[in-house]
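Note sheet for the following structure.
What follows draws every value from the coordinates through simple rules; no lab data is involved. Fair warning: this is a prediction, and the values are worked out from it, not measured in the lab. FYI the Cβ positions are ideal-geometry reconstructions off the backbone, even for glycines, and counts take in every protein chain you see.
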Amino acid sequence: MKKISMILMAFALAITMSQCKKNEGQTTSNDEVVTITLDVKQNNSSKVVVNPASGTVDFETGDKIYVGSGGKYVGVLTHNGTNFVGNITNPTENQPLQFYFLGNVTPQETLSAGTTEECSVIISDQTEHLPVISCAASYENYVSGVTAYSAHLLNKCALVKFNVTTPSNSPICVTGMKNKVTVDFTQNTMTPSMDGEGVIMLPAGSGENVEKWAILLPQEALEEGEEGSAYSRHGDYTGIRPTIPSITNNGYLSQGISIEVNTIVVSEVPIGAINGLFTINSNGDKVYFSQGNLQYIGSASTPYWRFAEKQWDYFGVDNQGGASQFIDRDLFGWGTSGYNHGAVCYQPWSYSISDQDYYAYGLSWADLNDMTGQADWGFNAIFNGGNQENQWRTLQTGEWSCLLLSRPTSSGIRYAKAKVNGVNGIILLPDNWDESCYSLYLPDYDKTPFDGNIISSLDWESFFESNGAVFLPASFNNNNTGGIYWSASGYNSSNSHSAHYMYFNNTNASADDGYYSHRYSRLAVRLVQDY
């Protein structure tokens, strides 16, 4: 068991090996491999969970200990749930073995047994695992035939609690910290230093005085940083790194260092975008939505692409039937961006009853934003969306699903069915939506009827759109009973002729992987721009 506290942590390393005795100070010859087993005699508690009362952090299956001997790296041992087991190559006779636990962070260098004299690890990302750093020399010199060795593993880090105040749910970054450990096998040392600006990234979580634990390397006390020396991972909030006291080996600071990250960074909203930010995956990546559904104005003397002026605007099925290129449209076959990307049907007015004619880049498995990306409608220059190519894109099916079902929001609300200005549809609430803005009936419930939330155009503009909300009209049919929006994801299964979509009606809302449509179907498109 490893113990991070004001006392040193010790355990016995029982090492079993069987080799012939060699001359003093000499390595084994001919790249002889020695099998080592270390019995650390501890429970199987997850190393991810630190016990604040004691500072203990337990080994778990997969943990690795790197071994040095004679000034060189000689091998790595891996925990199998009970013991550390592995091979070392040519250990030096009558010298101690050196053991290094590097917190399961992969060394930056490629290690070669018998050759590598130095390696380093960066412990910046502490959002899931706390990378405990420790090392020891064996009490006994290595001697062939001797089967038992022991060591006193000493921590080269401290466990520190931060009391974080932030409205941001993303990981919090603290700059100016030593975050790099260099192992010198020739000197048997572990030296802490700084990599770049020295960032330590703490776990996600928001609120008042949220406890976050981190591993800090030994360093002198740091004065308070400048604005921006602490910030949320996604850049939407910033603050000041507090004063950091001197950090020593085996330190354990449980009182908590207060850090406040609550100044909103005003970022420029893209032209043609709604000002709300929406998380689209587990990495925390965010997007802006366009101001309305995508439209192709084929009736103009020079046809062009634009976004609908109002979020509830749609043309209706009867107004865009047939294959005429001179009709205004906002329902499209899959991948009909107008670029000749390899599909038979690539023009916005294209029509065929064969899904194969709509394959992006002529490939059944390709998504819209694969290859050149030109199969995605967002590759076009959008007249009222910046009017430059390759600024917008279509969401993948997993991103649609995250928006509806799993993204974190400050209010806990992600969407609501509604009738806005008399139009049925679904409202997407931004990540920072304040539920006090407007009382919604049964949000995040797919069976809520549209008329459960009846919102006037004035209320929409005053309380919703001004606060970043997005409205997707039910534009799939003329009676405004359902909405189906393309994703960029082809359906790569036995139904490779199909593609995924997001849909909703009066009793349902889903973007599940199991939903797909013929690629020749004419569906709505709502584009996003990455934050």
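Numerical summary
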read-out	value
Equivalent ellipsoid semi-axes - Cα gyration tensor, the stretch 284-323, angstrom	24, 13, 10
Ascending count of other beta-carbon atoms within 10 Å, so fewest first, for 341, 500	341, 500
Computed E for residue 411/residue 94 - FRET, C-beta separation, R0 60 angstrom, nearest 0.05	0.35
Amide H contacts of residue 140 (H built 1.01 Å from N, under 5 Å, at least 5 apart or other chain)	150
Sequence-distant residues sharing a close amide H with residue 487 (under 5 Å, placed H)	500, 501, 502
P(r), alpha carbons of the stretch 75-138 - 10 Å bins starting at zero, rounded %	17, 49, 30, 4, 0
Coordinate range along principal axes, alpha carbons of the stretch 220-331, Å, largest first	75, 24, 20
Computed label-point distance, nm, for sites residue 243 and residue 389 using a 7 Å Cα→Cβ extension	5.7
Computed log₁₀ I(q)/I(0) - Debye formula, equal Cα scatterers, no solvent, the chain, q 0.07, 0.11 Å⁻¹	-0.56, -0.96
Computed label-point distance, nm, for sites residue 255 and residue 530 using a 7 Å Cα→Cβ extension	4.4
25 °C / 0.890 mPa s Stokes-Einstein diffusion coefficient of the stretch 391-531, Kirkwood radius on C-alpha pairs, µm²/s	158
Cβ-derived FRET efficiency at R0 51 Å, residue 512 paired with residue 150, nearest 0.05	0.35
For the stretch 352-358, 3J(HN,Hα) per residue [Karplus equation, 6.51 cos²θ - 1.76 cosθ + 1.60, θ = phi - 60°, Hz, x = Gly/Pro]	7, 9, 10, 4, 4, 5, 10
Computed E for residue 309/residue 364 - FRET, C-beta separation, R0 45 angstrom, nearest 0.05	0.75
Part-to-part distance (alpha-carbon centres) for the stretch 396-460 and the stretch 117-131, which is given in Å	41
Estimated distance in nm for a label pair at residue 352 and residue 163, the labels positioned 7 Å out from Cα along Cα-to-Cβ	6.6
Alpha-carbon centroid distance for the pair the stretch 320-384 / the stretch 197-247, whole angstrom	47
Residue 104 long-range amide H proximity, modeled H, under 5 Å	64
Percent of alpha-carbon pairs separated by more than 27 Å within the stretch 255-392	31
Coil-residue GluC sites (Glu not before Pro) of the stretch 175-250, DSSP, other Cβ within 10 Å capped at 16	197, 220, 223, 224, 226
Listed pairs 178/286; 161/286; 178/212; 286/419; 72/156; 310/419 exceeding 23 Å between Cα atoms	178/286; 161/286; 286/419
